[in-house]
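Worksheet: the structure to be examined is printed underneath.
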Amino acid sequence: MRRAAWWIAVGGGLGLVRPAPGTAASAVAVLLGAGLLALGWPVLAVAATAASLGGVWAIRAAGIGGDPGFVVIDEVAGQWVALLGLARPGVWGLLAGFALFRLLDVTKPGPVGWADRQGGAWGVMGDDLIAGAVVAVVLWGVRMGWPGVFG
């Protein structure tokens, strides 16, 4: 079980990609998220929730301490949360969601940085989930202000 948990935490091996495992995991998550979003917003929401809770479980069950770079389930979950701000998977929306999410995940402003400093499995997951939520709100706001911009 510990091995399965580790495999989930490293995003099925994406965490082993060098030099940028978080970016690789986010890119793959955008592609998978586009497919989930095409099936409907609720499908993506369920997947994001499962990845979030599964990530916390996997990090704990694998006995991973700190926030090592090879743990990328947090990027997958956070990227899927970010895509919840889109109505459908369009190229410009997906690119905007990816770029904004990576920007917040790397720079860790405000509450994203606060969550990152909390430690433990929730701290590892929390910064990415908050970054994803902020991006989702931004994407949603752009959609509301300029309908069709991501369509």
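The values are calculated or read from the model by the stated rules, or taken from the named source; none is laboratory data. Keep in mind it's a predicted model, so treat the numbers as computed, not measured. Don't worry about glycine lacking a Cβ; one is built from the backbone with ideal geometry, like all the others, and counts go over all protein chains shown.
Once segment 65-100 is narrowed to residues that are touching a residue at least 60 places away in the same chain (Cβ under 8 Å) and of a type in the set (D, E, K, R), the residue that is nearest to VAL43 (Cα to Cα) is ARG88. Residue pairs whose Cβ atoms lie under 7 Å apart, sitting 6 or more positions apart in sequence or on different chains, and linking a residue in segment 33-50 that is at negative phi and at pLDDT 95 or above to a partner that is of a type in the set (A, V, I, L, M) and not in a helix (DSSP H, G or I), are LEU37/LEU86; LEU44/LEU84; ALA45/LEU84; ALA48/LEU84. Filtered by the rule that a residue be outside any helix (DSSP H, G or I) and out of contact with any Lys or Arg (no Cβ under 9 Å at 6 or more places or on another chain), segment 41-68 gives ILE64, GLY65, GLY66, ASP67, PRO68.
Quick check: anything in segment 50-60 within 23 Å of MET144 (Cα to Cα), out of contact with any Leu (no Cβ under 8 Å at 6 or more places or on another chain) and not acidic (Asp, Glu)? There is no residue in segment 50-60 that is within 23 Å of MET144 (Cα to Cα), out of contact with any Leu (no Cβ under 8 Å at 6 or more places or on another chain) and not acidic (Asp, Glu).
Check whether at least one residue in segment 105-116 is buried (at least 21 other Cβ atoms within 10 Å of the Cβ), among the small types (Gly, Ala, Ser) and out of contact with any Asp or Glu (no Cβ under 8 Å at 6 or more places or on another chain), and report yes or no.
For segment 105-116, residues buried (at least 21 other Cβ atoms within 10 Å of the Cβ), among the small types (Gly, Ala, Ser) and out of contact with any Asp or Glu (no Cβ under 8 Å at 6 or more places or on another chain): absent.
In segment 64-100, of all residues being within 15 Å of the chain's Cα centre (by Cα) and aromatic (Phe, Trp, Tyr), the one that is surrounded by the most Cβ atoms within 10 Å (Cβ to Cβ) corresponds to TRP80.
Looking only at segment 1-32, residues that are outside any helix (DSSP H, G or I) and touching a residue at least 40 places away in the same chain (Cβ under 8 Å) come to 2 in all. In summary, helices (runs of 4 or more DSSP H) completely within segment 75-151 and bearing 2 or more residues that are touching a Gly at 6+ places or on another chain (Cβ under 6 Å) and of a type in the set (Gly, Ala, Ser) occur at 120-145.
Kindly indicate the residue of segment 119-151 that is at pLDDT below 95 and loosely packed, with under 14 Cβ neighbours inside 10 Å and also nearest to the chain's Cα centre (by Cα) among those meeting that condition. Top of the filtered list is GLY119.
Could you tell me which of the residues ALA34, ALA29 is closer than 29 Å to GLY148 by Cβ and either among the polar types (S, T, N, Q) or in contact with an Asp or Glu (Cβ under 9 Å, 6 or more places away or on another chain) (or both)?
Criteria check complete, one pass: ALA29.
Would you please name the residue that is nearest to the chain's Cα centre (by Cα), looking only at residues in segment 17-63 that are polar (S, T, N, Q) and surrounded by 14 or more Cβ atoms within 10 Å (Cβ to Cβ)? Among them, the one singled out is SER26.
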